[in-house]
1. What are the residues in region 207-218 that are within 13 Å of ligand 2 (Cβ to nearest atom) and either in a strand (DSSP E or B) or at pLDDT below 95 (or both), if any?
2. Would you tally the residues in region 8-52 being surrounded by fewer than 19 Cβ atoms within 10 Å (Cβ to Cβ), modelled with pLDDT under 95 and within 9 Å of ligand 1 (Cβ to nearest atom)?
3. Listed residues LEU278, LEU293; which is within 16 Å of ligand 2 (Cβ to nearest atom), open to solvent by less than 10 Å² (accessible area, probe 1.4 Å), at negative phi and not polar (S, T, N, Q)?
4. Hey, CYS161 hits all of (1) more than 16 Å from ligand 2 (Cβ to nearest atom); (2) open to solvent by less than 40 Å² (accessible area, probe 1.4 Å); (3) under 25 Å from the mean Cα position of the chain (by Cα); (4) in contact (Cβ under 8 Å) with a residue 24 or more places away in the chain but one; which does it fall short on?
5. Just wondering, is there one or more residues in region 68-75 that are open to solvent by 60 Å² or more (accessible area, probe 1.4 Å), of a type in the set (Asp, Glu) and within 14 Å of GLU113 (Cα to Cα)?
6. How do the pairs read when you match residues in region 219-233 that are more than 14 Å from TYR109 (Cα to Cα) with residues anywhere that are in a strand (DSSP E or B) and among the small types (Gly, Ala, Ser), using Cβ under 6 Å and keeping only pairs 6 or more apart or on different chains?
7. Given the criteria within 16 Å of ligand 2 (Cβ to nearest atom) and either on the phi > 0 side of the Ramachandran plot or out of contact with any Phe, Trp or Tyr (no Cβ under 6 Å at 6 or more places or on another chain) (or both), does SER83 qualify?
8. So which residues in region 23-63 are within 16 Å of ligand 2 (Cβ to nearest atom) and among the basic types (Lys, Arg), if there are any at all?
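The values are calculated or read from the model by the stated rules, or taken from the named source; none is laboratory data. These figures come from a predicted structure and were not determined experimentally. Methodologically, a virtual Cβ is constructed for each residue, glycine included, from the backbone with ideal geometry; neighbour enumeration extends over all protein chains shown. Quick note on the areas: whole protein, heavy atoms, side chains included, nothing else; ligands and nucleic acids left out. Shrake-Rupley method; radii C 1.70, N 1.55, O 1.52, S 1.80 Å.
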Amino acid sequence: MTFSAQTHQIRTQVAIIGAGPSGLLLGQLLYKAGIDAIIIERQSPDYVLGRIRAGILEQTTVDMLHEADVGAGVSAEGIVHHSIDLVFGGKRHGIDVHGLTGGKVVTAYGQTEVTRDLMAARSAAGLTTVYEAKDVSVHDFDGTKPAVRYQKDGQNVELACDFIAGCDGFHGVCRASVPEGAVTEYEKVYPFGWLGVLADVPPVSPHAIVYGNSERGFSLCSMRSLTRSRYYVQCPVDDKVADWSDQRFWDELRKRLDPELAEQIITGPSIEKSIAPLRSFVAEPMRFGSLFLAGDAAHIVPPTGAKGLNLAASDVKYLSAALIEFYGKDGVTSAAGINTYSQRALARIWKAERFSWWLTSLMHRFPDTGAFGQRMQEAELEYLVNSQAASTVLAENYVGLPLISK
Ligand code: FAS
Ligand code: PHB
């Protein structure tokens, strides 16, 4: 795409690539601080809202929604959880997360709802989000004139800026635009996927997410509200949604749970059904000159530990604070935050990567698990549910480790 005289030139302070939760939350926090940002998104709003993803928010994420003045939805409809359940060997065990962490909780509130709340706030404030932008590219982020170029309705646009926030997810353009030698990638791809079903039926366990380990594979019982459930079963990575009728899904889910819970499941037609691959991934560092990566653009976790969206939120917490500090208040500015953003974010990311990898390894059936491996998993789970120390390790990671202050 050539840029010539008819290129429309515009400017902002922070150009945000991606209108997922990372980009929208960053845009909202910068707006609250009086910092100008434009969000460039390649899909339509409906497409972004149609991606069914996360469902569990750490308290730090809920607090950020309130800080961003978009907490009304989660306060009204979020379902607070004090515990999680583990099913193994055909029996269900509760982990008192609230008691083991001195009162911390998680909240069931879907990523779709978070995204919708953020979109509504941005629109109500009259802030600019360019949806369905084509051929987005980032330029001179290691120079003195960073810019984003894109096409919108056939018009070439060049957006000059001070900083670029790469909130464009795992398959985005920002990380891909970093010179190869400048970024180190760490990756583990898991030999299975998650088949997820959304159904307008009451959740079988409204006040505790249920994680199941069985010889048939992993299962998970979650929700989006008291009338909308979200369930998952581990499946072969090359399975297709067409291989799974609703009936086959419900039957398999029941086989992986304890008999009492299986009996209580209320089934209904799926309103969404998708298969997600699982990987652990981290790109280091997360800053390249005036380009910063946040959220899935920099890291991916297997969803077992419910960390993906929450890690995106903590990245945004660090990055928004750093940018606000850079632009300063009452004439006082500092680059300390932007200079330490990458190392602070990565310190929390790696701990969440470890927890997500550990819980995935404990709960899923791998090709080489076998009979002995199954017994090892069940022995570890039996030890975990009967040891306050081991349960506390699970609980404090599940509610989210503290943000790193400086
Ligand atoms: P996102 O990927 O959500 O958003 C990036 C945005 O950038 C997208 O809207 C994309 O269209 C846009 N974009 C990409 N390239 C662009 C370009 N070149 N130009 C402009 N825009 C561009 N997490 C959990 O905690 N629990 C779960 O159960 C869970 N399930 C998941 C299932 C799937 C299939 C996936 C992919 C992820 C799942 N996650 C889950 C993780 C997920 O919730 C992410 O952590 C979360 O979406 C991260 O948000 P963002 O960083 O905003 O990235
Ligand atoms: C979800 O509700 O989608 C969900 C809940 C907990 C997880 C993963 C996904 O660990």
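1. ALA208, ILE209, VAL210, TYR211, GLY212
2. 1
3. LEU278
4. (3)
5. No: region 68-75 contains no residue that is open to solvent by 60 Å² or more (accessible area, probe 1.4 Å), of a type in the set (Asp, Glu) and within 14 Å of GLU113 (Cα to Cα).
6. So the pair list comes out as SER219/GLY212; TYR232/GLY196; VAL233/SER219.
7. yes
8. ARG51, ARG53 - these are the residues of region 23-63 that are within 16 Å of ligand 2 (Cβ to nearest atom) and among the basic types (Lys, Arg).
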